[in-house]
Amino acid sequence: MISSIAGAWGLQTQAQSVNVTVTNIKNTKGQIIIAVFKDEQGFKDEKPVSRKKFPKSAVTNGVLKVTMDVPAGTYGMALVDDENNSDKMEKNMLGIPKEGVGFSNFYLSGLSKPTFNDFKFEVKPPSVAVECKIRYF
């Protein structure tokens with residue numbers, strides 16, 4: 001599945017392919033939501049520059065592969081395994097996610113929210129590969 005997010009910023013920069021591999025998906029119910037952030041402030045404020053949804057019908061053995069076109073630059077991706085198609089991350093009363101979460105090239109091993117620097121990556125020609133391992137609490 002291919003999605004273009006270059007137009008989300010109104011940029012004329014040529015988009016580069018970002019090949020995203022999402023692993024550790026526990027079932028095929030719902031969708032994977034990928035939020036793309038440009039900096040720490042956008043991540044803190046939960047204001048992504050782009051947000052895309054991918055149906056989990058293409059999941060094979062817990063893996064989903066998607067390609068996104070993104071202008072060159074520094075980005076970070078945060079993912080939610082939206083199993084109930086609510087279009088948002090469900091949390092318990094303590095604020096802990098009820099659904100799986102993941103980040104670009106970073107596995108969340110503790111309970112603290114990572115910083116943008118933990119999961120940022122560079123998009124540059126001709127393409128870049130990003131792996132996101134989903135964690136369930």
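Key figures
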item	result
Top-ranked residue in region 13-30 [being surrounded by 14 or more Cβ atoms within 10 Å (Cβ to Cβ) and under 12 Å from the mean Cα position of the chain (by Cα); ranked as farthest from residue 134 (Cα to Cα)]	18
Scan of region 21-36 for residues that are touching a Ser or Thr at 6+ places or on another chain (Cβ under 9 Å), over 11 Å from residue 79 (Cα atoms) and in contact (Cβ under 8 Å) with a residue 40 or more places away in the chain, ordered by number	30
Residue that is surrounded by the fewest Cβ atoms within 10 Å (Cβ to Cβ) [pool: residues in region 88-136 that are of a type in the set (Phe, Trp, Tyr) and within 15 Å of residue 25 (Cβ to Cβ)]	136
Filtered residue count, region 41-87, keeping only those that are farther than 23 Å from residue 26 by Cα and β-branched (Val, Ile, Thr)	3
Unmet requirement for residue 25, which otherwise passes all of (1) of a type outside the set (D, E, K, R); (2) at pLDDT below 95; (3) in a loop (DSSP other than H, G, I, E, B)	(2)
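The values are calculated or read from the model by the stated rules, or taken from the named source; none is laboratory data. Fair warning: this is a prediction, and the values are worked out from it, not measured in the lab. Glycine also receives a Cβ, built like all others from the backbone with ideal geometry; neighbour counts cover every protein chain displayed.
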